[in-house]
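Asker: Sending over a structure as structure tokens; questions will come in a sec.
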Amino acid sequence: MPKFNKTIDELESHYDKWLYVLKNLHKLDRLPENLKERVFERVFEVAEIAKFSHEEYLSYEDSLKYYRDLYKCSLLPKCSLIHKKVLR
């Protein structure tokens, strides 16, 4: 996108914002205020995960699995009772 040269303050449309994000995402260490929309927050979150080292990614996956397991157990009364017995 060599012809797209707008600065963050010159962005007018959603299309401009997307072009800016695609061109400059690798330079951003935080999301600018002009891009505080859910879709760009999500893009930024995914980009942060993509930058993880192999070890960081494995750790992230393990913590996500643990979180999902806890959430799933909290929805099931029987699983909740089993979990409580194991923790005793």
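Bear in mind these aren't lab numbers, they're just calculated from the coordinates by the rules spelled out. Nothing here was measured: the structure is a model prediction, and the numbers come from that model. With ideal geometry, Cβ positions are generated from the backbone for all residues, glycine too; neighbour counts draw on all protein chains shown.
Asker: Taking all pairs of different Cα atoms in the range 1-51, averaging 1/r and flipping that mean, what Kirkwood radius in angstroms comes out?
Answerer: Working: mean 1/r = 0.0887 Å⁻¹.
Computed over the range 1-51, the radius equals 11.3 Å.
Asker: For residue 19 and residue 4, calculate 0.36 nm times their separation in residues minus their Cα-Cα distance, and state this gained length in nm to one decimal. Working shown, then result.
Answerer: Working: separation 15, 0.36 × 15 = 5.40 nm, distance 0.74 nm.
So the chain would gain 4.7 nm between residue 19 and residue 4.
Asker: Using +1 on the beta carbon of Lys and Arg, -1 on that of Asp and Glu, and nothing else charged, what's the dipole of the range 1-51 about the Cα centre, debye to 20?
Answerer: Working: 10 positive and 10 negative charges, 44 e Å.
The calculation lands at about 200 debye.
Asker: What is the calculated FRET efficiency for residue 68 to residue 45, with r their C-beta to C-beta distance and R₀ = 25 Å, to the nearest 0.05? Before the final figure, lay out the partial values.
Answerer: Details: r = 17 Å, r/R0 = 0.67.
With a Förster radius of 25 Å, E is 0.90.
Asker: Once fully extended, how much extra length lies between residue 61 and residue 30, figured as 0.36 nm per residue of separation less the alpha-carbon to alpha-carbon distance? Walk me through the intermediate numbers first.
Answerer: Numbers: separation 31, 0.36 × 31 = 11.16 nm, distance 2.27 nm.
Fully extending the segment from residue 61 to residue 30 adds 8.9 nm.
Asker: I'd like to know which of 49, 35, 18 lies farthest towards the positive end of the charge dipole of the range 1-51, counting +1 on Cβ of Lys and Arg and -1 on Cβ of Asp and Glu.
Answerer: 49
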